[in-house]
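Below is one structure, written out as structure tokens; the observations come after it.
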Amino acid sequence: MKERILEVRGLNVDYGVGQEAVRAVREVDLTLHRGEVLGLAGESGSGKSTLAYGMTRLLPPPGVVAGGEVIYHLGDGTTVDLLRIRDADLRRLRWAEIAIVFQGAINSLNPVQRISAQLLDVLKAHSPRSSPRSRQDRARELLGLVGIAADRLSSYPHELSGGMRQRVMIAMALALEPRVVIMDEPTTALDVVVQRQILRTLVELRERLGFSVVFITHDLSLLAEFSDRIAIMYAGQVVEEAVSADLYRTPLHPYSDGLLQSFPALKGPRRELSGIAGSPPDLRMMPSGCPFHPRCARAMDVCGERAPVLGQSRDNRSVACWLHPVAVN
Amino acid sequence: MRNNPKALTGLIALGVFAVLAVVGPWLAPFEPSMRSNALLQPPSPEHWFGTTHLGQDIFSQVLAGTRSVVFVGAVSGLVATVLSVLVGVTAGYLSGSAGEGLSALSNVFLVIPALPLIVIITSSLPETSNLTIALVIGLTSWAWNARVLRAQTLSLRRRDYVEAARANGESTWRIILFEILPNLTAVIASGFVGTVLFAVISEITLAFIGVSDAGGWNWGTVLYWAQSQQALAQGAWWWFVPAGLAIALLGTALSLVNFGIDEYVNPRLRTHSLRGVRMRVGFTPVLAKETS
């Protein structure tokens, strides 16, 4: 059994409080193991980003965490609940232990400051006693890690291409050698070639530095390739979670199947692209029973009556679907 | 506005001042200039704010003086705002010598010391009425706001949606009125509120140094008499405290309305704490265990 590093248990995230509250993430359980890449996939609005920001308490107002636990295993064997610790402790933990690469690299870098200033700032803030020379060396080393020449340190963000900016963001996230890196669609705005380069860099770095990754994307084909496990989200819930090869070959949930049918495979026999009819449900008026049943081609009577729960089905896989009876523990 | 306590408080206070401006002189229990035998009396049931060295009722003076203050504030605020929008937005949108010329004009008005100029103009006018004071203040205080509007317009005119409107062939006035002006609402509104405040303080300052509507009362004239009769040295605090508080209250009301306008125009500023949950960027609140 691999060592656990981050556990999310029964997490609920709302937008708004009281009567107007909309539950964007409901009862999500996730476990991230050491050195693992966990992919989070789903359509727009399925709660992927809300989940990531909710569990790190970075969600802007009116987002609130309505319940649950986020257990982080520190290096010395003790655990902390990110939702219960003091603000100062959370601040210390962020970046040093859990780092985030945000969606738009263009918006995350300050346009009027050199890359070096922005990199050195982090190093200085978290280790104020280090010497300026050592920080400078570290900044060069970080850019080297993501494959950018060290003389780019004195560039401004607008002098870099989109891919380079995204690499700088990754370098910044890795600056303090975090054990968990959360990546929110880090390659969405880039073309496939650059996407591939960045992912390759990421995989290499992970093998070298041994951090765990939570990778959020709507591009399932990307995940199938380089993540270890994939969790599929629909309407704020995890509907299926499996080792990525298993999920890719034999998706159990009709929604996962639909997502996989939505893009063509490069190799293998030709098959019809089907896509998924309809659109995600309105979170204010969730359908009864399984949230996916109005769009599901294989819906049964029970689907509209009772909601399936995520549980272990055969082959030790987790799925929330009446087609696959599960053993509820 | 209903769920915005700041704006509501400000609006109510402003409303009270506006009503007093209309009915204040009639509400006043005494004629503000009328002398009596009760010289320099502290506040009493008969004279709520006490009396002056001539036995005049200060409560009546403050009440009667509200009209002039509100009138001058509103008129000069309106004049200055209209001028600043005209000059500022035009200077920002037009390129070339027209824009530069208007910009230079507002720069010139910016460095003119307003108060001495107002003193000179009012003293050279045949008569000093509230209207002339309001117009002089309005005509000299628009430049600062015009510069702010010009800067914001410069930033807006190159935005994609404005470029798109231009590419669509929309006429210049339509672009300015429908694409640019709505985005300036908050700046214009806060400029208006700021100018009103500036005008009120200018008028009171002018009255305090003796430049005021002949025979009329405003809070500045009350302070003028208090100063010239050395109210502070005589311990007659009731002479200057009510007028000073009234100025502070009016200023607070205007600022509160300004905050309210900002939050109304820019929804991102709304930080209403919902049911006691304090929202903080970077530390998403965690609700206590649900009871249900």
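The values are calculated or read from the model by the stated rules, or taken from the named source; none is laboratory data. Computed from a predicted structure; not experimentally measured. Here Cβ is always computed from backbone atoms with ideal geometry, including for glycine, and neighbour counts include all displayed protein chains.
Condition check for A:His33 on (1) over 11 Å from the mean Cα position of the chain (by Cα); (2) within 14 Å of another protein chain (Cβ to nearest Cβ); (3) at pLDDT 90 or above; (4) more than 17 Å from A:Trp95 (Cα to Cα): one failure, at (2). Every condition in (1) of a type in the set (S, T, N, Q); (2) modelled with pLDDT of 85 or more; (3) out of contact with any helix residue (DSSP H, G or I) (no Cβ under 6 Å at 6 or more places or on another chain) holds for A:Thr188 except the one numbered (2).
Hey, any hits in region B:172-186 for a residue that's of a type in the set (Gly, Ala, Ser), buried (at least 19 other Cβ atoms within 10 Å of the Cβ) and closer than 22 Å to B:Leu254 by Cβ? No, the conditions are met nowhere in region B:172-186.
Candidates A:Glu305, A:Glu272: the one that is modelled with pLDDT under 80, of a type in the set (Asp, Glu) and either over 25 Å from A:Val13 (Cβ atoms) or surrounded by fewer than 20 Cβ atoms within 10 Å (Cβ to Cβ) (or both) is A:Glu272.
Checked against the criteria, B:Ala186 counts as touching an Asp or Glu at 6+ places or on another chain (Cβ under 7 Å), over 26 Å from B:Ser124 (Cβ atoms) and at pLDDT 80 or above. Does B:Leu197 satisfy the condition of being within 21 Å of the chain's Cα centre (by Cα), assigned to a helix (DSSP H, G or I), surrounded by fewer than 18 Cβ atoms within 10 Å (Cβ to Cβ) and in contact (Cβ under 8 Å) with a residue 40 or more places away in the chain? So B:Leu197 fails the test. Comparison of B:Val286, B:Val281 shows that the only residue that is closer than 22 Å to A:Tyr53 by Cα, surrounded by fewer than 12 Cβ atoms within 10 Å (Cβ to Cβ), facing another protein chain (nearest Cβ under 8 Å) and at pLDDT 70 or above is B:Val281.
Per the conditions (1) within 14 Å of chain B (Cβ to nearest Cβ); (2) out of contact with any helix residue (DSSP H, G or I) (no Cβ under 8 Å at 6 or more places or on another chain); (3) closer than 20 Å to A:Val213 by Cβ; (4) of a type in the set (A, V, I, L, M, F, W, C), the sole criterion not satisfied by A:Val8 is (2). For region B:204-222, taking the residues that are of a type outside the set (S, T, N, Q) and assigned to a loop (DSSP other than H, G, I, E, B), the one that is surrounded by the most Cβ atoms within 10 Å (Cβ to Cβ) is identified as B:Trp217. What pairs come out if I take residues in region A:15-42 that are within 14 Å of A:Ala66 (Cβ to Cβ) and pair them with residues that are hydroxyl-bearing (Ser, Thr, Tyr) whose C-beta lies under 6 Å away, six or more apart or interchain? Here the result reads A:Val22/A:Tyr15; A:Ala24/A:Tyr15; A:Ala24/A:Thr50; A:Val25/A:Thr50, each pair linking region A:15-42 to a residue that is hydroxyl-bearing (Ser, Thr, Tyr). Selection of first residues in region B:25-51 that are at positive phi and of second residues that are of a type in the set (Val, Ile, Thr) and surrounded by 14 or more Cβ atoms within 10 Å (Cβ to Cβ), restricted to Cβ pairs under 7 Å at least 6 apart or on distinct chains, gives the following pairs, ordered by first then second residue: B:Leu40/B:Thr51; B:Leu40/B:Thr52; B:Gly50/B:Ile58. Taken over region A:221-231, residues that are surrounded by fewer than 23 Cβ atoms within 10 Å (Cβ to Cβ) and aliphatic (A, V, I, L, M) amount to 2.
Screening the candidates B:Leu54, B:Leu94 for the property of being surrounded by fewer than 19 Cβ atoms within 10 Å (Cβ to Cβ) and either of a type in the set (S, T, N, Q) or over 30 Å from B:Ala248 (Cβ atoms) (or both) yields one hit, B:Leu94. Just so you know, in region A:49-63 the residues that are within 10 Å of chain B (Cβ to nearest Cβ), of a type in the set (A, V, I, L, M, F, W, C) and crowded, with 22+ Cβ neighbours inside 10 Å include one that is farthest from the chain's Cα centre (by Cα), and it is A:Leu59.
When we screen B:Trp225, B:Trp238 for residues that are touching a strand residue (DSSP E or B) at 6+ places or on another chain (Cβ under 9 Å) and in a helix (DSSP H, G or I), the only hit is B:Trp238. The helices (runs of 4 or more DSSP H) falling completely within region B:120-186 that include 3 or more residues that are charged (D, E, K, R) map to B:143-157, B:160-167. The C-beta contact set for region A:75-88 (first residue without any contact (Cβ under 8 Å) to a residue 40 or more places away in the chain and within 14 Å of another protein chain (Cβ to nearest Cβ), second residue among the hydroxyl-bearing types (Ser, Thr, Tyr) and part of a loop (DSSP other than H, G, I, E, B), distance under 7 angstrom, 6+ apart or interchain) comprises A:Leu82/A:Thr56. What about B:Arg270, is it at pLDDT below 70 and at the interface with chain A (Cβ under 9 Å from one of its Cβ atoms)? For B:Arg270, the condition - at pLDDT below 70 and at the interface with chain A (Cβ under 9 Å from one of its Cβ atoms) - is met.
A residue that is within 30 Å of B:Tyr224 (Cβ to Cβ) and either polar (S, T, N, Q) or in contact with a Leu (Cβ under 8 Å, 6 or more places away or on another chain) (or both) occurs nowhere in region B:149-161. Condition check: under 30 Å from B:Arg150 (Cβ atoms), surrounded by fewer than 22 Cβ atoms within 10 Å (Cβ to Cβ) and either basic (Lys, Arg) or out of contact with any helix residue (DSSP H, G or I) (no Cβ under 6 Å at 6 or more places or on another chain) (or both). Does B:Ala74 satisfy that? Considered against the rule, which asks whether it is under 30 Å from B:Arg150 (Cβ atoms), surrounded by fewer than 22 Cβ atoms within 10 Å (Cβ to Cβ) and either basic (Lys, Arg) or out of contact with any helix residue (DSSP H, G or I) (no Cβ under 6 Å at 6 or more places or on another chain) (or both), B:Ala74 comes out as yes.
Flag set for B:Ser84, criterion: in contact with a Lys or Arg (Cβ under 9 Å, 6 or more places away or on another chain) and under 30 Å from B:Thr153 (Cβ atoms). Got at least one residue in region A:99-108 being of a type outside the set (Asp, Glu), more than 10 Å from chain B (Cβ to nearest Cβ) and over 18 Å from the mean Cα position of the chain (by Cα)? Looking for residues that are of a type outside the set (Asp, Glu), more than 10 Å from chain B (Cβ to nearest Cβ) and over 18 Å from the mean Cα position of the chain (by Cα), one finds at least one in region A:99-108, hence yes. Screening A:Lys2 against (1) within 12 Å of chain B (Cβ to nearest Cβ); (2) outside any strand (DSSP E or B) leaves a single unmet condition, (1). For region B:86-127, a residue qualifies if it is modelled with pLDDT under 85 and among the polar types (S, T, N, Q), and the qualifying residues are B:Ser95, B:Thr122, B:Ser123, B:Ser124.
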